[in-house]
Amino acid sequence: MVEERHEAPMIFHCIIHQEALCCKVLAWKDVMNIVVSTVNYIRKNALAHRQFKIFLEECDAEYGDVIYFSEVRWLSREKGKIVPELSNEKWVLNLAFLTDITTLLNELNTKLQENKIKLFQNPFSVDIDDVESNLHMEVIELQNNDILKNAFKESNDLKIFYSSLSEIDFKGIKSFAKKMITAFGSTYICEQTFSILKFRKNKYCSRLSDEHLNAVLRISTSNLKADINELAGKIQPQKSH
């Protein structure tokens with residue numbers, strides 16, 4: 001992109017395929033159904049909820065309220081609710097694994113939340129240290145403009161707000177916002193291109209060259225319609241010998 005004198009594309013993390021594969025292996029539904037049922041039993045009335053919080057305090061638990069990976073033996077000890085799955089070693093192992101993997105995924109999800117998205121969502125609350133250096137001065141000026149700050153609060157449409165900014169004073173921010181607004185559309189085109197590539201490049205198209213494939217992809221992802229008559233008129237017909 002840079003060599004062709006275009007701006008470098010914005011890069012975002014895509015789906016982590018290992019997570020998807022993990023979901024297919026572990027019996028999430030069997031575990032979560034019991035967990036949700038247990039949590040609902042505890043939270044369904046104020047008395048049971050208070051008693052459970054007291055139980056957590058007595059056990060010196062890390063958390064002071066019911067969460068998905070809390071110990072639930074309190075149900076059978078205090079309230080008479082039987083949870084037979086707690087005696088099933090395989091189910092307990094799945095629960096433990098679900099607890100660990102959920103914690104790790106939450107941490108990963110936090111790390112993947114890039115600063116560019118925060119800046120786009122609310123340029124007035126973002127920390128200036130998290131902003132790219134080329135946008136520092138514009139963001140500082142924007143955050144100190146009370147009129148624009150009020151306009152942002154009153155506006156429910158980010159596109160309208162960013163389009164209202166001065167092209168001279170906030171040229172960098174407007175350009176950045178345009179990229180963010182078009183991100184979903186460009187992501188769709190990328191996914192569409194990969195699908196077409198996978199469909200076209202197979203064992204039955206062994207003579208498909210890179211040049212041919214490039215032409216197919218350009219046509220498949222373009223909204224332009226070819227003028228067949230004009231193209232045919234430029235081709236010299238083969239004369240009979």
Sites Asp60 and Ile140 - FRET efficiency at Förster radius 41 Å, r taken between beta-carbons, to 0.05: 0.30
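As an exercise, identify the trypsin sites (Lys or Arg not before Pro) in the range 137-240 lying in DSSP coil whose Cβ has no more than 11 other Cβ atoms within 10 Å. Each step should come with its number before you reach the end.
Values: sites: Lys149, Lys153, Lys159, Lys171, Lys174, Lys178, Lys179, Lys198, Arg200, Lys201, Lys203, Arg207, Arg218, Lys225, Lys234, Lys239; in loops: Lys201, Lys203, Arg207, Lys225, Lys234, Lys239.
Those satisfying the criteria are Lys203, Arg207, Lys225, Lys234, Lys239.
Where in the range 137-199 are there GluC sites (Glu not before Pro) that are in a DSSP coil and have at most 11 other Cβ atoms within 10 angstrom of their Cβ? Kindly include the intermediate steps, with their values, before the conclusion.
Numbers: sites: Glu138, Glu141, Glu154, Glu167, Glu191; in loops: Glu167.
Hits after loop and neighbour filter: Glu167.
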Estimated vicinal HN-Hα couplings, Hz - the range 82-90 in sequence order (Karplus 6.51, -1.76, 1.60; Gly, Pro = x): 8, 10, x, 4, 5, 9, 8, 4, 5
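Only the coordinates and a few stated rules stand behind these numbers; no lab work does. Quantities reported herein were computed from a predicted structural model and do not represent experimental measurements. Virtual Cβ from ideal backbone geometry, glycine too; neighbours counted across all protein chains shown.
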